[in-house]
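The values are calculated or read from the model by the stated rules, or taken from the named source; none is laboratory data. These figures come from a predicted structure and were not determined experimentally. Neighbour counts run over all protein chains shown; Cβ positions are idealised from the backbone, glycine included.
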Amino acid sequence: MRVSILGILGSFLCLAFTLRVAAQSHEGQQKPFAFRHSNNAHATKHIITPEFSRFVEDLLEIANIPGLTLGIVHTDREAERLVELDAWGRKTEEGFGHDMSPDAFMATSLGLLMDDYANGRNVTPLPRSVAQFDWDTKVRDLLPDDWKLEDEWASEKTNIRDMLGHVTGMPRHDYSYQPGDTPQGVVRNLRNLRPGYELRKKWSYNNQMYIVGAHLIAAYANMSYPEFALSRIFEPLGMASTTFSPDVAQRSGKRTQTWTKFGRRISFWFTEEIAHLKAGPGGIISSANDLTIKILTENGQTKWVTVLLNAGVEPVSNTTIIPRSVFDEMTTAHSVVYGSSPAPDSSLIGYGMGWDRWSYRGHEIVAHTGGLPGISTLVALLPDDGLGLVALANADEKAAAERILMERILDDMIDFPQGSRATFVDAEPYTKLELGGSTSKEVRGAALCSSAGSAPSPAELEPYAGTYGNEGYGAITLCAPSSDSFYCNDVFGDFAPFRPDPAVSSPMLLAAYPRVWTTHVRMIPCDGETFDLGFTALFPHGYGRNTSAFETFETGDAEGQAVFVVEEKNGKKTVKGFGLLIDQDAVAERKRMIGTSVEQYADAWFEKV
């Protein structure tokens, strides 16, 4: 979904599909597909060897990844140019091939639009207050009728660089938008969402800012963002299999099936409607083939990663796809994601616009992870080494495993001492963290509770039942065990396969909450008026061949607390509302800056109707 070890989706819009790309030897033994284009006498070192394949197979097993596709691009001018492609695992429940991709293109597209204005290729009138459309242009000036934030200063001063660099001060608020919303509607709803920080104080990922980017392109390019990306990036690079449409990908017969982090098959997460809404931060469907392999045609087209390694220039025809000024602005770190090294061999991590930047064992890396339910992706560039890679897994929350894969590739390339190279063991603590150790949200919710007190009776939860509203998040209706409305009976039916859970003896509040990333919510009494809260997506009838019930959720970002405010008069308890607490850092900052009442410091305050 949404964020991983490094941060995610950003200008990488990803999903994915493709065919297994593996050649067969005469002996019937699989070999990685390799494409060479050079008369240079020097030989580029192959990364995908039998030993490396065994490492990948071990990694897939320990990280619980059904299938993975890897594309590696070598463009070292001192050696032959080479593209290596291979796939491991399965694409479907029947067990053959697979592929997927994270890539692309929002920051690039906005940069191209700026370049069009600078060179007179776009004559769509800009607002009178905009003298020049560039990275420093204020979003408010470009979208005066739509853009507004709760923080007046941020609303006035946020520029394009701030927006794409995730320093607007806005936390994620990923559960505020839902199927049926439009990009313009999401932009206009930002005014109803609370900031977590002052403008430019802290890097804080927010998917909606890339929806704003897509809306900007639609407003000033006289075409939708998908149409713009198709005409300015996909077509010039010959990326014929890349699309924004899940239906087109499905009809191709190449789209992979997808699995949860704990191994259950799930449906492809985006419908056409959601793909349109999420085109900016996460809507492109592509393949390792389309992202890496050169096509030797009359036009000499080259694929995306090779162009990125050549600083935006298509090397065969010497055509500029991304102006150098745009490329440099996107890939230069403007803010700090992690101010200290997350691992002994890594530097601190900075962020440009859609790209993370750091070093590993002294080698510069420009990269970004991506993810949705059922999908994990990584695109990485090592510009000084002339190396690029695309890693595409058909299961979610596998960013840690893909990071270890990238580090192993670099270790092999530089001939780091064999005993000190990255191994699948290095990924184990990260994958355990991602898996969370459980498939049950009830078990996880219970584990969060710090209270050792007795659980409330079902009757004690009755005052909490009812409908609550927040202007930015919409309405939610909570059902107590004694609730008997048609709606609550439907909700209880949805949860029935998951209850009772022996690990959770406490009664709880349940609700349907259909959003892009979730279907339901459960709240488990914890301590006083504090409930542990979990957003979850229920599959009460299973999916695919396995019809047993299961649920899936995003580790960490789907978990939080609901803190109720209760008033008692004449011995009667009246619930005023509850505060939603998801981003604990943002909550702590509001407590420091604004006040100590939950109405003030919560990520969202839901008033009882």
Of the criteria (1) within 23 Å of Ser335 (Cα to Cα); (2) buried (at least 21 other Cβ atoms within 10 Å of the Cβ), which one Ser155 fails: (2)
Among the residues of the stretch 125-133, is there at least one that is buried (at least 21 other Cβ atoms within 10 Å of the Cβ), within 22 Å of Trp203 (Cβ to Cβ) and either in contact (Cβ under 8 Å) with a residue 12 or more places away in the chain or not aromatic (Phe, Trp, Tyr) (or both)? no
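Would you be able to tell me the number of residues in the stretch 345-370 that are at positive phi and touching a residue at least 40 places away in the same chain (Cβ under 8 Å)?
2
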Which numbered condition trips up Glu551, out of (1) of a type outside the set (A, V, I, L, M, F, W, C); (2) touching a helix residue (DSSP H, G or I) at 6+ places or on another chain (Cβ under 9 Å); (3) closer than 16 Å to Tyr175 by Cα? (3)
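Please determine whether any residue of the stretch 494-501 is touching a residue at least 24 places away in the same chain (Cβ under 8 Å) and closer than 19 Å to Gln178 by Cα.
So in the stretch 494-501, the residues touching a residue at least 24 places away in the same chain (Cβ under 8 Å) come out as 494-499, 501.
Adding the requirement that they be closer than 19 Å to Gln178 by Cα leaves none.
No, the stretch 494-501 has no match at all.
Condition check: without any contact (Cβ under 8 Å) to a residue 12 or more places away in the chain and of a type in the set (Val, Ile, Thr). Does Ile582 satisfy that?
Details: without any contact (Cβ under 8 Å) to a residue 12 or more places away in the chain: no; of a type in the set (Val, Ile, Thr): yes.
Spelling it out, it is not the case that Ile582 is without any contact (Cβ under 8 Å) to a residue 12 or more places away in the chain and of a type in the set (Val, Ile, Thr).
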Can you tell me which condition Ala333 does not meet? The list is (1) under 22 Å from His74 (Cβ atoms); (2) within 21 Å of the chain's Cα centre (by Cα); (3) free of Cβ contacts under 8 Å to residues at least 60 places away in the same chain, and all the others hold. (1)
Filter the stretch 547-577 down to the residues that are touching a strand residue (DSSP E or B) at 6+ places or on another chain (Cβ under 7 Å) and within 30 Å of Trp269 (Cα to Cα) and list them by number. Ala549, Phe550, Glu551, Thr552, Phe553, Ala558, Glu559, Gly560, Gln561, Ala562
Only one of Tyr117, Tyr177 is of a type outside the set (Lys, Arg), under 30 Å from Lys398 (Cβ atoms) and either crowded, with 19+ Cβ neighbours inside 10 Å or in contact with a Leu (Cβ under 8 Å, 6 or more places away or on another chain) (or both). Can you tell me which? Tyr177
Here is a list of conditions, (1) under 28 Å from Glu61 (Cα atoms); (2) in a helix (DSSP H, G or I), and Ala391 meets all of them except one; can you say which number that is? (2)
Any idea how many residues of the stretch 256-285 are surrounded by fewer than 24 Cβ atoms within 10 Å (Cβ to Cβ) and part of a strand (DSSP E or B)? 2
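Condition first: hydrophobic (A, V, I, L, M, F, W, C), in contact (Cβ under 8 Å) with a residue 40 or more places away in the chain and under 26 Å from Arg515 (Cα atoms). Now tell me which residues in the stretch 563-579 satisfy that. Lay out the reasoning, then the answer.
Step one: of the stretch 563-579, the residues hydrophobic (A, V, I, L, M, F, W, C) are 563-566, 575, 578.
Restricting the remaining residues to those that are in contact (Cβ under 8 Å) with a residue 40 or more places away in the chain gives 564, 566, 575, 578.
The answer is Phe564, Val575, Phe578.
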Taking the stretch 248-290 on its own, how many of its residues are modelled with pLDDT of 85 or more and farther than 25 Å from Asn546 by Cβ? 11
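Run down Gly238, Gly282 and say which single residue is closer than 30 Å to Ser340 by Cα and touching a residue at least 40 places away in the same chain (Cβ under 8 Å). Working first, answer last.
Numbers: Gly238 fails: closer than 30 Å to Ser340 by Cα.
Sole residue among the options that is closer than 30 Å to Ser340 by Cα and touching a residue at least 40 places away in the same chain (Cβ under 8 Å): Gly282.
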Please go through the stretch 509-541 and give me each residue that is surrounded by 20 or more Cβ atoms within 10 Å (Cβ to Cβ) and over 21 Å from His173 (Cα atoms), ordered by number. Leu509, Ile524, Pro525, Cys526, Phe539
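Between Ala131, Ala154, which is over 30 Å from Gly339 (Cα atoms) and not assigned by TED's automatic domain parsing to the domain that holds Gly371? Spell out how you get there, then give the answer.
Numbers: Ala154 fails: over 30 Å from Gly339 (Cα atoms).
Among Ala131, Ala154, only Ala131 is over 30 Å from Gly339 (Cα atoms) and not assigned by TED's automatic domain parsing to the domain that holds Gly371.
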